[in-house]
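> Take this structure first; my questions come after.
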Number of protein chains: 2
Amino acid sequence: MKIMVGGTFSPLHDGHKKLLSRSFELAGDDGHVIIGLSTDQFAGDKNHPIAPYEKRKEILTTFIQDSGYSATWNVIPLEDRYGATLDTDFDALVVSEETFPVSLEINRLRKERGRKKVDIHQITCVLADDGRWISSTRIYRGEIDDHGRVIR
Amino acid sequence: MKIMVGGTFSPLHDGHKKLLSRSFELAGDDGHVIIGLSTDQFAGDKNHPIAPYEKRKEILTTFIQDSGYSATWNVIPLEDRYGATLDTDFDALVVSEETFPVSLEINRLRKERGRKKVDIHQITCVLADDGRWISSTRIYRGEIDDHGRVIR
């Protein structure tokens, strides 16, 4: 299958890794994964500092290469919440609980444009040891590390 | 992965086949799929006649066996919209656009019970040749066949 997934991935934490791994599993050995990576401008809306695009792309690339998936993949710049999802032919979108509402908007907008709706795979956010979501903001604040371990 | 999916599957049309195939693909070679099959009593709420449970189970079994998936699987009776999803440990629920709202309820109820929420995979309904969803009701009414071909 042809899968699309997106994010800022800074820092690349266990929640992001689940999102990416699941995208490759869903794609299957012969599939393709398109990863929309937030541009620095789009990521600028976040409430914590973000590594530059090329640095984030490098870390993402290393993680994917080390994971050893067979599917092909490419990274494209994500300039807004929809990115290329409205005008690309693909099978399924992989999202987190946080970004699930955007996937419904994407299907509504695709339909308006006369495009086929896509399947949606929503992963449950990975929980930190304290039972709350792992998020980049929490890691930035020093509450948890990138595996969700509480920092005391 | 351990996957749960449910339905009445009468008649078994291309939309159901997509739901089942996707469940096995997601489960992977070493995974397990639990298929909740509506009991005759629960299915009795449908607005069209339904084949008896054992007959539906037989057709379902034949389809799965013929598909040649490696994952293990079993069929259990589905007595209400939640079935065993609230009290079973599993990874992901596969639903259609129609039943997606139930998956959100399931995660809410699981959380209330202190259980881990599950990932949700929502497939887009298969469209008939006339661009509307394939559904058992439409097949029963004689509008389309089980592959979504319009009957004139």
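The values are calculated or read from the model by the stated rules, or taken from the named source; none is laboratory data. Note that the structure is predicted; figures quoted are calculated from it, not measured. Positions of Cβ are backbone-derived with ideal geometry, glycine not excepted, and every protein chain shown enters the neighbour counts.
> Identify all residues within the range B:116-147 that are more than 18 Å from B:F100 (Cα to Cα), part of a helix (DSSP H, G or I) and not charged (D, E, K, R); write none if there are none.
B:T137, B:I139, B:Y140, listed by residue number.
> Looking at the range A:99-111, is at least one residue over 19 Å from B:E97 (Cβ atoms) and surrounded by fewer than 20 Cβ atoms within 10 Å (Cβ to Cβ)?
Checked the range A:99-111: no residue is over 19 Å from B:E97 (Cβ atoms) and surrounded by fewer than 20 Cβ atoms within 10 Å (Cβ to Cβ).
> Still on this structure: Might you check whether a residue that is farther than 26 Å from B:P52 by Cα, within 11 Å of chain A (Cβ to nearest Cβ) and touching a residue at least 60 places away in the same chain (Cβ under 8 Å) occurs anywhere in the range B:98-113?
no
> Here's another thing I want to ask about it. Kindly indicate which of A:I144, A:I64, A:I59 is more than 14 Å from chain B (Cβ to nearest Cβ), modelled with pLDDT of 90 or more and closer than 21 Å to A:L26 by Cβ.
A:I64
> Which condition breaks for A:I123 when tested against (1) more than 14 Å from chain B (Cβ to nearest Cβ); (2) surrounded by 22 or more Cβ atoms within 10 Å (Cβ to Cβ)?
Going through (1) more than 14 Å from chain B (Cβ to nearest Cβ); (2) surrounded by 22 or more Cβ atoms within 10 Å (Cβ to Cβ) one by one, A:I123 breaks only (1).
> Does A:K55 satisfy the condition of being in a helix (DSSP H, G or I) and more than 14 Å from A:G15 (Cα to Cα)?
Criteria met by A:K55.
> For the range A:3-43, name all the residues that are away from every other protein chain (no Cβ under 14 Å) and touching a His at 6+ places or on another chain (Cβ under 7 Å).
A:G7, A:F9, A:D14 - these are the residues of the range A:3-43 that are away from every other protein chain (no Cβ under 14 Å) and touching a His at 6+ places or on another chain (Cβ under 7 Å).
> Give just the number: which of (1) in contact (Cβ under 8 Å) with a residue 24 or more places away in the chain; (2) away from every other protein chain (no Cβ under 14 Å); (3) outside any helix (DSSP H, G or I) does A:R152 not satisfy?
Only one criterion in (1) in contact (Cβ under 8 Å) with a residue 24 or more places away in the chain; (2) away from every other protein chain (no Cβ under 14 Å); (3) outside any helix (DSSP H, G or I) is unmet by A:R152, namely (1).
> Can you tell me how many residues in the range B:45-96 are surrounded by fewer than 16 Cβ atoms within 10 Å (Cβ to Cβ), in contact (Cβ under 8 Å) with a residue 24 or more places away in the chain and among the acidic types (D, E)?
So the answer is 4.
> Still on this structure, I have one more. Taking the residues in the range A:3-43 that are farther than 23 Å from A:D145 by Cβ and assigned to a helix (DSSP H, G or I) as candidates, determine which candidate is farthest from the chain's Cα centre (by Cα).
A:Q41
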